[in-house]
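Visitor: Handing you this structure, nothing more for now.
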Amino acid sequence: SLDSLFKEKIFRIPDYQRGYAWQREQLKAFWEDLVNLSSDRSHYTGVLTLKQVPISEVPETSKEYWLVRDHSYNVYHVVDGQQRLTTFMIFLQAFVDFVKGLPANVGRPDEEVYITDTLSIAAMRDRFLFKTKPTGDQFRTYKFGYERDNPSYEYMRYKIFGEVGGGLSHETFYTLNLSNAKKYFESQLANLYAMSGQRGLNSIYSKLTRQFMFNQYVIRDEFDVFVAFETMNNRGKRLSDLELLKNRLIYLTTLFGDSILDSASRASMRNNINDAWKVVYHQLGRNKSHPLNDDDFLRAHWMMFFKYTRLTGRDYIRFLLEEQFTPKRVHEQKEVDVDLEEIGELTIDMGGDEVEEASEPQPQLTSVRLQPTDIDKYVHSLKESAVHWFNTFHPDLAVSLTSDERVWIDRLNRIGIGYFRPLVMSVLKNVGLEADRIRVFKKIERFIFFMFRISGSYASAGSSEFINFARVLDSGETTIEIIIARLDEWVSYTFHSDGSIRIDDFYNLLFKRFKSGQGYYGWPALQYFLYEYETSLLDQSVQQKITWGDLLKSKADKISIEHIYPQSEGVGWTNQFARFDAVQKARYCGSLGNLLLLSMSINSSLQNAGFEEKKNVKHDGTGRRIRNGYSDGSHSEIEVAAYDQWGPTEIRSRGIKLLKFMEHRWDIHFQSDADMEKLLFLDEYEATS
């Protein structure tokens, strides 16, 4: 139990461990186990695996040393069970803060605030949370915490345990989890107290410290702690591949002989690994509400640093852990290559035929030994790349990008950057001139627009080549001129020999949408296209009236895209479209010129209102504004509000205007006016009207 576990022990989370990863699901399970435990039962919490730190390795300058020297304490690294143990500590601190905040206890010293009839807050803290050195500096020595070089070290001390005097702490995905856990438990305790009073608090404290039981296991010296850590974490909340890799690299530093890596170099290398992971996790967690995925970054960097294959899933981590960074590549080669018979499992496909399943390709054993410089080079690249990876997702938060770069990377994210993200990261990392970087970004955006949004090519078209460009650019084996030339060459297939755009693929893509009744409303690039048109109108105004985020708020029903002439016409539309049948009206409704980007949501009950009503602000009987109109909306809306009426002629006219904008924006031209007319899907009906 915690009562016995914490006697003369100091627990530290070592540097190869990840941060605190528990979230709502795990916290909820922990709390329910606790509150539902009967007073006559114990709860098995799991194995707590420890590795004792030799007294000789506890520095005299450390805050733990006085307890080790004068009070027979021992320091232990937590190899397995740190998530549970961290949760216990957060809960206890939340418990302390809640009890101290009760009206009867406010302002009273800790020695006079009691958790139970005999245990004060001060005594409880002394038992579980920290000891205060009584002489000299009188600093706190926490009985549980992270090693100093862990990014969560400062946050745990100052933000969770409430130590006074902390400065700004770096916030990451892991520190957010720490904060959320404390907030979660404080809320649960408040609710428990409201229902059960002090009796409920006493009961929950007793169950936590006496009835939640660990199976304590201390690893003997002959067991390798890194191998134990990697093996144990194959269960529970899975370690990310990035976390596993960190442990592996630190482990490998212990395997190099002294003739290759002396003790000072070994310590420096380990520090470099820890420092790199601090930077990586800081970058991945900079936007703490939307942290970036560890394994996505690791895989993208693997593509840039090592290779790219069309294999899917966990190919990258198999390479890193089973081929590249393996103990056998540090040790002298002691394994002989044996030609084993391959086994292919026979399976039955859906047609009933027997097929032989291809065996998974095995890592090729290399005879080249891994050197410390190989690890250093890889770790340095990982560290350096992390900020560029973050910038590809959040250019608005990037301090190293120019305003023009932010604009173009933002465009890439809006249009759907897809498999180009590793290449964009590589460009940011390796191309020195801003103008050159922007040239590449422009060409990538143009490629995506024409290949995927106009021509409807498969989403993987060109993926192998351009992901490989990320690697050869990073290694200095190619130039941006070659990359740009290939981007242009791919796009050239969408043009005629005279340089005009081929419209057949675009027409066929749209034809399917019009046949289904959606028209341009079903074009995947519609929001992006109309937003680009909206931003083009900012040349005449310094005020931006709509952001991309506004469009994403209503993604489910695209309420940010308005049919000016509505799908269900009201009284105000009868005259303009009276000569058309239902199919023809649907064509006009779904044509490009009839679709408008809104700066605000418009109540669906008003969307079939007449044009005059849509143009102007709507007020209720008291004069209170109840809905904005086009006249004070987005710049696109203001432009439409300038029309006197809205009918077939205006829809055609605005559609041509938008296609001419496409010509200007993406540096193209249509072969003829007839091509533009064809893409509006109005010509055949206008001719018969």
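Visitor: Quick one: would you say residue 584 is in a helix (DSSP H, G or I) and either open to solvent by 10 Å² or more (accessible area, probe 1.4 Å) or at pLDDT 90 or above (or both)? Talk me through it step by step, then tell me what you get.
Guide: Working: in a helix (DSSP H, G or I): yes; either open to solvent by 10 Å² or more (accessible area, probe 1.4 Å) or at pLDDT 90 or above (or both): yes.
Answer is yes for this residue.
Visitor: How about segment 439-460: which of its residues are open to solvent by 20 Å² or more (accessible area, probe 1.4 Å) and either among the aliphatic types (A, V, I, L, M) or in contact with a His (Cβ under 9 Å, 6 or more places away or on another chain) (or both)? Working first, answer last.
Guide: Keep residues of segment 439-460 that are open to solvent by 20 Å² or more (accessible area, probe 1.4 Å), which gives 439, 442-443, 446, 452-453, 455-460.
Selection gives 459 alone.
Visitor: Checking the conditions here, which among 284, 242, 249 is in contact with an Asp or Glu (Cβ under 6 Å, 6 or more places away or on another chain) and crowded, with 16+ Cβ neighbours inside 10 Å? Spell out how you get there, then give the answer.
Guide: Values: 284 fails: in contact with an Asp or Glu (Cβ under 6 Å, 6 or more places away or on another chain); 249 fails: in contact with an Asp or Glu (Cβ under 6 Å, 6 or more places away or on another chain).
Selected residue: 242, the only one of 284, 242, 249 that is in contact with an Asp or Glu (Cβ under 6 Å, 6 or more places away or on another chain) and crowded, with 16+ Cβ neighbours inside 10 Å.
Visitor: With 404, 376 as the choices, which residue is touching a residue at least 40 places away in the same chain (Cβ under 8 Å) and open to solvent by 20 Å² or more (accessible area, probe 1.4 Å)? Quick ask: steps written out before the conclusion?
Guide: Numbers: 404 fails: touching a residue at least 40 places away in the same chain (Cβ under 8 Å).
Exactly one residue qualifies, and that residue is 376.
Visitor: From the set of residues in segment 210-229 that are of a type in the set (D, E, K, R) and modelled with pLDDT under 80, which is surrounded by the fewest Cβ atoms within 10 Å (Cβ to Cβ)? Please lay out each step first, then the result.
Guide: First, the residues of segment 210-229 that are of a type in the set (D, E, K, R): 210, 220-222, 224.
Checking the rest, the ones that are also modelled with pLDDT under 80 come to 220-222, 224.
Details: 220: 8, 221: 9, 222: 5, 224: 15.
Selected residue: 222.
Okay, residues lined up against (1) touching a residue at least 24 places away in the same chain (Cβ under 8 Å); (2) charged (D, E, K, R); (3) surrounded by 19 or more Cβ atoms within 10 Å (Cβ to Cβ):
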{"site": "479", "(1), (2), (3)": "no, no, no"}
{"site": "485", "(1), (2), (3)": "no, no, no"}
{"site": "508", "(1), (2), (3)": "yes, no, no"}
{"site": "529", "(1), (2), (3)": "yes, no, yes"}
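Visitor: Specify the residue that is most open to solvent (accessible area, probe 1.4 Å); the eligible residues are those in segment 51-65 that are of a type outside the set (A, V, I, L, M, F, W, C) and either in contact with a His (Cβ under 8 Å, 6 or more places away or on another chain) or part of a strand (DSSP E or B) (or both). Let's see the steps before the verdict.
Guide: Within segment 51-65, the first condition is being of a type outside the set (A, V, I, L, M, F, W, C), and the residues that meet it are 51-52, 54, 56-57, 59-65.
With either in contact with a His (Cβ under 8 Å, 6 or more places away or on another chain) or part of a strand (DSSP E or B) (or both) added as a condition, the list becomes 51-52.
Numbers: 51: 36, 52: 74 Å².
For segment 51-65, the residue satisfying everything is 52.
Visitor: Another one. Does segment 163-175 contain any residue that is modelled with pLDDT of 90 or more, open to solvent by 70 Å² or more (accessible area, probe 1.4 Å) and either assigned to a loop (DSSP other than H, G, I, E, B) or in contact with a helix residue (DSSP H, G or I) (Cβ under 9 Å, 6 or more places away or on another chain) (or both)? Please lay out each step first, then the result.
Guide: First pass over segment 163-175, keeping only residues modelled with pLDDT of 90 or more: none.
No.
Visitor: Within segment 130-142, does at least one residue satisfy the condition of being open to solvent by less than 20 Å² (accessible area, probe 1.4 Å), assigned to a strand (DSSP E or B), within 19 Å of residue 279 (Cβ to Cβ) and in contact (Cβ under 8 Å) with a residue 40 or more places away in the chain?
Guide: no
Visitor: Of the conditions (1) open to solvent by less than 70 Å² (accessible area, probe 1.4 Å); (2) modelled with pLDDT of 90 or more; (3) out of contact with any helix residue (DSSP H, G or I) (no Cβ under 7 Å at 6 or more places or on another chain), residue 371 satisfies every one except a single condition; which number is it?
Guide: (1)
Visitor: Then there is this: May I ask you to list the residues in segment 632-658 that are more than 39 Å from the chain's Cα centre (by Cα) and either open to solvent by 40 Å² or more (accessible area, probe 1.4 Å) or of a type in the set (Lys, Arg) (or both)?
Guide: Here is the first cut: in segment 632-658, the residues more than 39 Å from the chain's Cα centre (by Cα) are 641-654, 656.
642, 643, 644, 645, 649, 652, 653, 654, listed by residue number.
Visitor: Residues 484, 501: which one is within 18 Å of residue 431 (Cβ to Cβ) and in contact with a helix residue (DSSP H, G or I) (Cβ under 8 Å, 6 or more places away or on another chain)? Write out each step before concluding.
Guide: Details: 501 fails: within 18 Å of residue 431 (Cβ to Cβ).
Going through 484, 501 in turn, just one is within 18 Å of residue 431 (Cβ to Cβ) and in contact with a helix residue (DSSP H, G or I) (Cβ under 8 Å, 6 or more places away or on another chain): 484.
Visitor: Taking the residues in segment 1-50 that are among the hydroxyl-bearing types (Ser, Thr, Tyr) and under 25 Å from residue 224 (Cα atoms) as candidates, determine which candidate is most open to solvent (accessible area, probe 1.4 Å). Break it down into steps so the answer makes sense when it comes.
Guide: Taking segment 1-50 as the starting set, the residues that turn out to be among the hydroxyl-bearing types (Ser, Thr, Tyr) are 1, 4, 16, 20, 38-39, 42, 44-45, 49.
Those still in the list that are under 25 Å from residue 224 (Cα atoms) too: 16, 20, 45, 49.
On the way: 16: 8, 20: 0, 45: 25, 49: 2 Å².
Across segment 1-50, the extreme among qualifying residues is 45.
Visitor: I'd like to know if segment 181-200 contains one or more residues that are more than 28 Å from residue 289 (Cβ to Cβ), of a type in the set (Lys, Arg) and at pLDDT 75 or above.
Guide: For segment 181-200, residues more than 28 Å from residue 289 (Cβ to Cβ), of a type in the set (Lys, Arg) and at pLDDT 75 or above: present.
The values are calculated or read from the model by the stated rules, or taken from the named source; none is laboratory data. This is a predicted model, so every value here is computed, not measured. Cβ sites come from the backbone with ideal geometry, for glycine too, and all protein chains shown count toward neighbours. Side chains included, ligands, DNA and RNA excluded: accessible areas come from the protein's heavy atoms. Shrake-Rupley method; radii C 1.70, N 1.55, O 1.52, S 1.80 Å.
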